[in-house]
Amino acid sequence: IGDSNDFDREVKSVCPFCGVGCQISLKIKDDKVAWVDGIDGPANENRLCVKGRFGFDYIDHAHRLTNPLIRLENAPKGLNVDPANPFTHFREATWDEALDAAANGMAKLRDSVGGEAIAGFGSAKCTNEEAYLFQKLIRQGFGHNNVDHCTRLCHASSVAALMENVGSGAVTATFNEIENADVAIVIGANPTENHPVAATYFKQFAKRGGKLIVMDPRGQALKRHASHMLQFRPGADVSMLNAIMHVIVEEELFDQDYIKNHTENWQAQKEHLADFSPEKMAPICGIDADTLRDVARVFAGAKAGMIFWGMGISQHIHGTDNSRCLISLAFMTGNVGKSGAGLHPLRGQNNVQGASDAGLIPMFLPDYQPVGDDGVRSAFTEVWKSDDFSSQKGLTVVEIIEAIHAGDIRSMYILGENPAMSDPDVDHARAALAKLEHLVVQDIFLTETANYADVVLPASAFAEKTGTVTNTNRQVQMGRPAINPPGDAREDWAITVELAKRLGLNWDYTHPSQVFGEMAINMESLSNITWERLERENVVTYPSLSPTDPGQAIVFGDGFPRADGRGKFTPASIIAPDDVPDEEYPMILTTGRQLEHWHTGSMTRRASVLDAVEPEANCSLHPRTLRKLGVDAGGIVRLTTKRGSITVMARADRAVSEDMVFLPFAYVEAAANILTNSALDPFGKIPEFKFSAVRVEKADQI
Ligand code: SF4
């Protein structure tokens, strides 16, 4: 919005969008972000994508919340408000009034029916310190673990498989390590759109002769750089990956020494794979046997290989099985713990790694320490100077929605999440939000979710706050305030502290650095990482082995953090998607993001450049499918699943197969999640966003 050379001051921070975690310089003019440049962070080396460079004027948008709001008595809840005046059902309140109302509503339920009646959704958009405080408030304040965040909707199944078989939920190598690899698999991910700066490293790798194997039911730009493009059938991941591993076993291409020295359960894995020959799996996964054999030989024959994956792997009812296959493939080829090798789930949001590390999940305290372990809980309650809390795992995102419908959860505190857009079967989720007796929403805009709130607390955008964030590479980075929050808006950590005090908790934090110091007491991952060090160095990768070690890019070369120090093979069988096509719903719906729009669109649709490039809700259909439907490119189609129906503009796109439709989930006017299925992976409890049976018809108008 400004001139790159005309600014009052410059502040170093971290991009707030994706998990790549690009470091940026915010150029400030008249207390506004006027320009953004990439700087030399370890994950971006001066590069930025379109969101990181041009996606910032949402910070000054006229819709920013500047005052606390309280719902007017008997005002209806939900999205059917006057769009010209979205605040029509609220009145402005003082902070004291709003904080009292927010805390009293929760305290009343806690003291009358018990703390289990209140749940919390924190946010991967918040800092590590804010995530830590949020989970602490729910656990200390209400005595249980009903706290979760959007990791449940993105990589929960990957983390479940990694915890089970590797013993750690984070990546084993940074994505930059691809420069030392000979081969790399990118599966179920579209990095040029969703992790664009990481994608530049993948392209450089291919340009210098690395073999890039892209596997995805949808075509994508990275295909142009790939040695192999396997456009397999949606939901057929396990059949394809097991067939590749079958060849590695059959042709004895596996790394015998690595398997013997570093893994367990190999015999069971080997026997299990016998039934998955490429010839048998080809009709199931849609990739011919010769290609499957070739990919197996290329990957197993390389000196060092990396595996990257995204939500095409994780967002299935068999998402944990998909990840188990990838882990097994890395283990059997010895591709963990050495230069140019590793497992890397590409994390989505800027701080989803850090928020998970900080314990914003219902089954783990910070650093993935189980809530059921008495010693772990007592280590935390000692630091917190508080009573013990429940040893039971809490409910996950979709389970909390069901518990509201069942009447078990009656109040929620939602910080920076937008479940009225992001949850599967979203009409069902919206009905749950409407049913809550007391809902507190803390955000920077009156989001779709805030339209169900009783109390709305105005928070800060990233450029207005202090705090650390952790990217997909395990790099903990310092975010710095560059401008003041608008009006009476406050930093999220400070709001949570005020609520905690009103709930009777003994909190006296006055700065996020104190929170970081407390986190480090019980989080081994933060050993040797201090606030002062981050202020000085901007970034430290965990684990860091000494106060001067910048951190380890590659981990687990000398064993895994499991009881026996070995990685585990867990065989995976084929499980069909939950909602398979039939005569009534003959096509497959898959949802995802676009380059320009971030998640539920609350920020990017208010960023003028990004909104100008992608202003309209759209879906992608193959040109031949459009012809069959009698719809021109740019025409309107109706999409209907067992959950609901929307109308949306159709684009012609050869990247999708003829029986598939791709629908971004950023647009409230054609909310993709009205259509999606809430069936869950049993381990990660992640919904199957990537596969629903759908009927597509020509429509006359939106
Ligand atoms: Fe921001 Fe991700 Fe783009 Fe980097 S790649 S500028 S972190 S959105």
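First measure r as the distance between the Cβ atoms of SER4 and LYS223, then evaluate 1/(1 + (r/R0)^6) with R0 = 56 Å and state the FRET efficiency to the nearest 0.05. All intermediate terms of the calculation are to be shown ahead of the outcome.
Details: r = 34 Å, r/R0 = 0.61.
Calculated transfer efficiency: 0.95.
Collect residues whose amide H, placed 1.01 Å from N in the peptide plane, falls under 5 Å from the amide H of ALA34; neighbours closer than 5 in sequence don't count.
For ALA34, whose amide H was placed from the backbone, the distant partners under 5 Å are LYS27, ILE28, LYS29.
Report ³J(HN,Hα) in whole Hz for each residue of the stretch 185-199, in order, from the Karplus equation J = 6.51 cos²θ - 1.76 cosθ + 1.60 where θ = phi - 60°; Gly and Pro get x.
Each residue's phi maps through the Karplus curve to give 9, 10, 10, x, 9, 10, x, 4, 9, 9, 9, x, 6, 4, 4 Hz.
Give, in nm to one decimal, the length gained when the segment between GLU616 and VAL11 is fully stretched (0.36 nm per residue of separation minus the Cα-Cα distance).
Value of the extension gain: 214.4 nm.
Give me the net charge for the shell around GLU10: Cβ to Cβ below 10 angstrom, other residues only, Lys and Arg +1, Asp and Glu -1.
Charge balance near GLU10 sits at +1.
Which shape class, rounded, prolate or oblate, goes with the stretch 372-496 when its Cα gyration tensor gives a ≥ b ≥ c as root eigenvalues, a/c under 1.5 marks rounded, and past that a/b bigger than b/c marks prolate?
oblate
At a threshold of 8 angstrom on Cα-Cα distance, excluding pairs fewer than six apart, so keeping six or more, what relative contact order does the chain reach in percent?
Numbers: 1680 pairs, mean separation 139.1, N = 702.
Value for the chain: 20 percent.
Can you give the relative contact order of the stretch 519-641 as a percent, counting alpha carbon pairs under 8 Å and 6+ residues apart?
10
Using 0.36 nm times the number of residues separating VAL383 and ASP37, minus their current alpha carbon distance, what extension gain do you get?
Separation in residues times 0.36 nm, less the Cα-Cα distance, equals 120.5 nm.
Report the calculated FRET efficiency for GLU402 and ARG638 (r = Cβ-Cβ distance, R0 = 30 Å), to the nearest 0.05.
It comes out at approximately 0.60.
Relative to a virtual label point 7 Å from the Cα of GLU669 in the Cα→beta-carbon direction, which members of the stretch 604-636 show backbone nitrogen distances below 12 Å?
In the stretch 604-636, the label zone of GLU669 (backbone N under 12 Å from the point 7 Å along Cα→Cβ) covers 615-618.
What is the sum of charges, Lys and Arg at +1 and Asp and Glu at -1, for the other residues whose Cβ falls under 10 Å from the Cβ of LEU433?
Spelling it out: positives minus negatives among the neighbours equals +1.
For VAL609 paired with ASP82, estimate the spin-label separation in nm (one decimal), with each label point 7 Å from Cα along the Cα-to-Cβ line.
Placing both labels 7 Å along Cα→Cβ, they lie 3.6 nm apart.
For an R0 of 45 angstrom, estimate the FRET efficiency from the Cβ-Cβ distance between SER645 and SER546 and round to the nearest 0.05.
Here the calculated transfer efficiency is 0.15.
Sort 278-284, 94-100, 440-446 for me by packing, meaning the mean count of neighbouring Cβ atoms within 10 Å per residue, highest on top.
On the way: 278-284: 18.0, 94-100: 16.0, 440-446: 25.4.
Per-residue Cβ counts within 10 Å, averaged per peptide and sorted highest first, yield 440-446, 278-284, 94-100.
Roughly how compact is the chain, stated as its Cα Rg over 2.2 N^0.38 Å to two decimals?
Dividing the Cα Rg of the chain by 2.2 N^0.38 Å gives 0.91.
Please compare each pair in LYS27/LYS465; LYS203/LYS568; LYS136/LYS690; LYS203/LYS303; LYS338/LYS690 to a cut-off of 25 Å on the Cα-Cα distance and tell me which ones are over it.
LYS203/LYS568; LYS136/LYS690; LYS338/LYS690
Please turn the phi angles of the stretch 63-72 into ³J(HN,Hα) values with the Karplus equation 6.51 cos²θ - 1.76 cosθ + 1.60 (θ = phi - 60°), one per residue in order, whole Hz, x for glycine and proline.
Taking θ as phi minus 60°, the curve returns 7, 4, 6, 10, 9, x, 10, 10, 5, 5 Hz for the stretch 63-72.
Rounded to whole Hz and in sequence order, give me ³J(HN,Hα) for the stretch 640-649 from the Karplus expression 6.51 cos²θ - 1.76 cosθ + 1.60, θ = phi - 60°, writing x for Gly and Pro.
10, 10, 5, 8, x, 9, 9, 10, 7, 6
So what's the gap between the Cα centers of the stretch 595-644 and the stretch 487-543, to the nearest angstrom?
One Cα centre to the other: 40 Å.
For the stretch 587-702, take the convex hull of the Cα atoms, compute a quarter of its surface area, and give me that in nm², please.
Its Cα hull, projected and averaged over all orientations, spans 7.3 nm².
I need the shape label for the stretch 406-479. Rule: rounded when a/c is under 1.5, else prolate if a/b > b/c, else oblate, with a, b, c from the alpha carbon gyration tensor.
Details: a/c = 2.54, a/b = 1.83, b/c = 1.39.
Prolate, because a/c is 1.5 or more and a/b exceeds b/c.
Starting from the amide H of GLY41, placed 1.01 Å from N in the peptide plane, find each other amide H under 5 Å away whose residue is 5 or more places distant or on another chain.
Those qualifying (amide H under 5 Å, at least 5 residues apart or on another chain) are GLN23, ASN46.
In deg cm²/dmol and to the nearest 500, what is the mean residue ellipticity at 222 nm of the chain if only DSSP H runs of at least 4 residues count, each as -39500 (n - 2.57), divided by the residue total?
Calculated from helices alone, the mean residue ellipticity at 222 nm is -9000 deg cm²/dmol.
Going by a ≥ b ≥ c, the root eigenvalues of the Cα gyration tensor, does the stretch 338-421 fall in the rounded group (a/c under 1.5), the prolate group (a/b larger than b/c) or the oblate group? It would help to have the intermediate numbers written out before the result.
Numbers: a/c = 2.16, a/b = 1.15, b/c = 1.88.
Judged from the Cα gyration tensor, the stretch 338-421 comes out oblate (a/c at least 1.5, b/c at or above a/b).
Counting other Cβ atoms within 10 Å, which GluC sites (Glu not before Pro) in the stretch 209-260 have at most 15 and lie in a DSSP loop?
Those satisfying the criteria are GLU251, GLU252.
Going highest first, how would you order 334-340, 14-20, 40-46 by mean Cβ packing within 10 Å?
So the peptides 334-340, 14-20, 40-46, ranked by packing, come out 14-20, 334-340, 40-46.
Search the structure for amide H atoms under 5 Å from the amide H of CYS619, placed 1.01 Å from N in the peptide plane, and list their residues when 5 or more places away or on another chain.
Answer set, sorted by chain and number: MET649, ALA650, ARG651.
Mind giving me the nanometre distance, one decimal, between the label points for GLU583 and SER391, set 7 Å out from Cα along Cα→Cβ?
5.5
Sorted by average packing, counted as other Cβ atoms within 10 angstrom per residue and highest first, what order do 561-568, 319-326, 215-222, 675-682 take?
So the peptides 561-568, 319-326, 215-222, 675-682, ranked by packing, come out 319-326, 675-682, 215-222, 561-568.
Would you kindly state how much longer the chain becomes between ASN104 and ARG562 on full extension, computed as 0.36 nm times their sequence separation minus their alpha carbon distance, in nm to one decimal?
Contour length minus Cα-Cα distance gives 160.5 nm.
Run the quick spin-label model on ARG480 and VAL50: label points 7 Å from Cα toward the beta carbon, then report their separation in nm to one decimal.
That separation, rounded to one decimal, is 3.0 nm.
Readers should treat all values here as calculations from the given coordinates under stated rules, not as data from a laboratory. None of these values were measured; they are calculated from a predicted model. As a convention, Cβ positions derive from the backbone with ideal geometry for all residues, glycine included, and neighbour counts pool all protein chains shown.
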